[in-house]
Amino acid sequence: MTLKMSILKLIEDKCKNDLKQDPTFPVGLDSETLFLKFIRSGISKALILKELQELINEEKIYTLSRYYISSTYKHN
């Protein structure tokens, strides 16, 4: 699995879990948690940011605020 797909899966899984818990509350993942997970694996913050920007450009994710990221995953 590519880094971009790993990032997207992590965000989507968090969103799906949040929706199960409370569908009225905004869902997503804080960027600190995202960065820590991948930086601990030896991946640079610059590369993570590049992949995040590509996902935003592809409209797979969006930012809810400066530090909070969500998926465009649609809950049925």
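The values are calculated or read from the model by the stated rules, or taken from the named source; none is laboratory data. Computed from a predicted structure; not experimentally measured. In this analysis, Cβ positions are derived from the backbone assuming ideal geometry, glycine residues included, and neighbour counts consider all displayed protein chains.
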Which of (1) among the aliphatic types (A, V, I, L, M); (2) touching a strand residue (DSSP E or B) at 6+ places or on another chain (Cβ under 9 Å); (3) at pLDDT below 90 does Leu8 not meet, given it meets every other one? (3)
Here's a check for you: in segment 3-25, which residue that is in contact (Cβ under 8 Å) with a residue 24 or more places away in the chain and over 17 Å from Ile56 (Cβ atoms) is surrounded by the most Cβ atoms within 10 Å (Cβ to Cβ)? Leu19
Any chance Leu34 is outside any loop (DSSP other than H, G, I, E, B), touching a Leu at 6+ places or on another chain (Cβ under 8 Å) and loosely packed, with under 14 Cβ neighbours inside 10 Å: no
Among (1) at pLDDT 90 or above; (2) surrounded by 14 or more Cβ atoms within 10 Å (Cβ to Cβ); (3) not charged (D, E, K, R), Tyr73 falls short only on (1)
Any chance you could count how many residues in segment 37-55 are among the hydrophobic types (A, V, I, L, M, F, W, C) and either touching a Leu at 6+ places or on another chain (Cβ under 8 Å) or under 16 Å from Lys9 (Cβ atoms) (or both)? 6
